[in-house]
Amino acid sequence: SGAQAAEAFRTSPSQFEKFVDNYMMRVAIKGKYIPVGAEPLIAYLQAKLAELKTVRIAVNAVTSSADRNTVREMLRELYG
């Protein structure tokens, strides 16, 4: 995944940020299924932060009349 991160950074810093956010969400989803420990709580908090970031992106896109495809490119993976 290091090569993918480098490629995302070469594309743009926002693509790198999206890559990191998506990677963190994939790791958090694994913590969701651990029955004992702090992992489910950390996964829940990470999911809430991702939801807030997604809502912020959507609200900013609506206020700036952004194109739908542009908004879809900016959205992150959510807790599934």
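The values are calculated or read from the model by the stated rules, or taken from the named source; none is laboratory data. Only a predicted model underlies this, so the values are computations on that prediction, with no experimental measurement involved. A quick note on method: Cβ atoms are made from the backbone with ideal geometry, for glycine too, and the neighbour counts reach across all protein chains shown. The accessibility values were calculated without ligands, DNA or RNA, using every heavy atom of the protein model including side chains. Shrake-Rupley method; radii C 1.70, N 1.55, O 1.52, S 1.80 Å.
If we scan the range 1-11, do we find a residue that is among the aliphatic types (A, V, I, L, M), part of a loop (DSSP other than H, G, I, E, B) and open to solvent by 70 Å² or more (accessible area, probe 1.4 Å)? Checked against the condition, which is being among the aliphatic types (A, V, I, L, M), part of a loop (DSSP other than H, G, I, E, B) and open to solvent by 70 Å² or more (accessible area, probe 1.4 Å), the range 1-11 yields no hits at all. Of the residues making up the range 12-24, those that are exposed (fewer than 14 other Cβ atoms within 10 Å of the Cβ) and hydroxyl-bearing (S, T, Y) are S12, S14.
Among the residues of the range 23-80, those that are β-branched (V, I, T) and either more than 26 Å from S1 (Cβ to Cβ) or in contact with a Cys (Cβ under 8 Å, 6 or more places away or on another chain) (or both) comprise V36, V55, V59, V62, T63. In the range 20-41, the residues that are acidic (D, E) form Cβ pairs under 6 Å with partners that are open to solvent by less than 70 Å² (accessible area, probe 1.4 Å) and not in a helix (DSSP H, G or I), at six or more places apart or across chains, as follows: D21/R76.
Whether any residue in the range 25-43 is open to solvent by 90 Å² or more (accessible area, probe 1.4 Å), part of a helix (DSSP H, G or I) and β-branched (V, I, T) is what I want to check.
To start, the set of residues in the range 25-43 that are open to solvent by 90 Å² or more (accessible area, probe 1.4 Å) comprises 26, 30, 33, 35-36, 41-42.
If we keep only those that are part of a helix (DSSP H, G or I) as well, we get 26, 30, 41-42.
Right, trim to β-branched (V, I, T) and you get 42.
There is at least one residue in the range 25-43 that is open to solvent by 90 Å² or more (accessible area, probe 1.4 Å), part of a helix (DSSP H, G or I) and β-branched (V, I, T).
Please work out which residue is nearest to the chain's Cα centre (by Cα), limiting yourself to the range 65-80 and to residues that are open to solvent by 80 Å² or more (accessible area, probe 1.4 Å) and of a type in the set (S, T, N, Q). In this case the residue turns out to be N69.
Kindly list the number of the only condition in (1) surrounded by 10 or more Cβ atoms within 10 Å (Cβ to Cβ); (2) in contact (Cβ under 8 Å) with a residue 12 or more places away in the chain; (3) in contact with a helix residue (DSSP H, G or I) (Cβ under 8 Å, 6 or more places away or on another chain) that fails for T54. Only one criterion in (1) surrounded by 10 or more Cβ atoms within 10 Å (Cβ to Cβ); (2) in contact (Cβ under 8 Å) with a residue 12 or more places away in the chain; (3) in contact with a helix residue (DSSP H, G or I) (Cβ under 8 Å, 6 or more places away or on another chain) is unmet by T54, namely (3).
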